[in-house]
1. What distance in nm separates the simple spin-label points at Gln99 and Ser266, each placed 7 Å from Cα in the Cβ direction?
2. Quick one: if the Förster radius is 25 Å, what FRET efficiency do Leu230 and Lys61 give, using the C-beta to C-beta distance and rounding to 0.05?
3. Under 20 Å from the 7 Å Cα→Cβ point of Arg223, by amide nitrogen: which residues of region 238-277?
4. Pairs Lys246/Lys307; Lys102/Lys224; Lys224/Lys289; Lys94/Lys289: which exceed 27 Å Cα-Cα?
5. Determine the gain in length on full extension of the stretch Ala191-Lys307; use 0.36 nm per residue of separation and subtract their C-alpha separation, reporting nm with one decimal.
6. Expected output is a single nm value to one decimal: the length gained when fully extending between Ser287 and Ala68, i.e. 0.36 nm times separation in residues minus the C-alpha distance. What is it?
7. What's the FRET efficiency of Gln253 with Leu173 using the Cβ-Cβ distance as r and R₀ = 25 Å, to the nearest 0.05?
8. For an R0 of 45 angstrom, estimate the FRET efficiency from the Cβ-Cβ distance between Glu316 and Thr46 and round to the nearest 0.05.
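Only the coordinates and a few stated rules stand behind these numbers; no lab work does. Values in this document were obtained by computation on a predicted structure and should not be read as measured data. Positions of Cβ are generated from backbone atoms using ideal geometry, with glycine treated the same way; all protein chains shown enter the neighbour counts.
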Amino acid sequence: MQAHTLLFLLLLGAGLACTRRAALPSSSGTTAAPATGLPPQLRIETVQTNREVEALVRSLKPFDSQFAVDDSLTWARRACGNRPYGATQPAWVKQDFNQDGKLDLLVFGRWHRPVTLGLINAGQAPPQITFLTRTSTARCSETRLVMLGRQPVLLHREQQPDTTGERSQNSWLPPDTLVYRFGAFVNYNPAPRDYRITRLHYETTGCFGTCPAYQLALDVTSRKADFTGLRFTRREGQAQATLPPKTINDITQLLNYANFPALRDSYDVPWTDDQTATLTITYANGSVKRIRDYGLQGTPELSRVYKMLEEIRVSEGW
């Protein structure tokens with residue numbers, strides 16, 4: 001059993017109270033300053049009703065008027081056939097997930113399918129959106145907010161249909177115990193190890209569409225990036241760049257926080273025609289760990305690493 005799965009069960013069994021929208025202080029105990037430059041009804045600090053939360057979400061890309069919040073999660077009860085956490089949850093919850101003194105928002109709703117969203121307060125800019133419901137085929141997803149000391153933690157799991165589209169009793173994906181770090185919700189690790197990473201190699205394939213296919217190699221010491229564009233990239237062929245220290249540090253710290261050597265060697269989503277990512281990490285002791293991820297959704301931490309690597313390609317114009 002993976003460590004974050006065990007922690008999920010321990011927190012769930014402890015019966016820690018869910019932070020409901022009736023109590024809105026940030027976890028740091030400070031009052032979040034209201035954002036400026038946005039209409040009052042579209043600020044996380046000021047929304048107080050389902051209608052106002054819907055208006056906020058609908059104002060953000062890629063959402064539209066089809067998005068609706070759903071008090072008591074009737075969509076989840078219909079899809080799951082039960083309430084695994086044993087209590088009806090509110091349609092939305094405010095909490096300071098990234099511990100920056102500003103209130104963020106957790107929203108349950110429907111947008112062509114059940115979705116659970118994290119909206120991270122960006123002050124004057126629109127909130128940053130994170131889809132906690134990770135797979136488009138999820139028949140049911142359940143999220144509960146608990147407090148681990150002063151740290152907000154989201155207990156999240158999804159029920160995956162089999163290849164025929166029918167739900168089975170054994171189709172729950174491994175649960176996640178999520179905290180907001182590294183610009184995303186990732187599985188909580190109370191004691192990350194300090195592996196010394198020397199090299200990273202990332203490769204993506206095409207898909208039934210225009211998914212960019214490329215190779216990206218990073219040397220941690222020199223911060224050199226070697227890129228080879230294969231298809232559907234801005235630049236085909238080879239290119240090089242020297243990356244800022246923060247870019248390299250953020251990626252290696254996240255890989256260590258994810259305990260990359262302990263992850264599975266292969267992940268697959270239950271559909272066809274998607275993209276495959278292969279991530280290979282070389283360590284100072286000579287060991288090598290490679291993960292093949294069809295669908296790029298192996299774990300929340302892996303998905304975030306892929307996004308960070310893709311951001312390098314985009315920022316460099318490759």
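1. 3.8
2. Working: r = 29 Å, r/R0 = 1.15.
Efficiency, from the Cβ-Cβ distance: 0.30.
3. 239-256
4. Working: Lys246/Lys307 15 Å; Lys102/Lys224 36 Å; Lys224/Lys289 20 Å; Lys94/Lys289 39 Å.
Where the Cα-Cα span goes over 27 Å, the pairs concerned are Lys102/Lys224; Lys94/Lys289.
5. Numbers: separation 116, 0.36 × 116 = 41.76 nm, distance 2.39 nm.
In short, 39.4 nm is gained.
6. Numbers: separation 219, 0.36 × 219 = 78.84 nm, distance 4.86 nm.
Value of the extension gain: 74.0 nm.
7. Details: r = 26 Å, r/R0 = 1.03.
Calculated value: 0.45.
8. On the way: r = 39 Å, r/R0 = 0.87.
Calculated transfer efficiency: 0.70.
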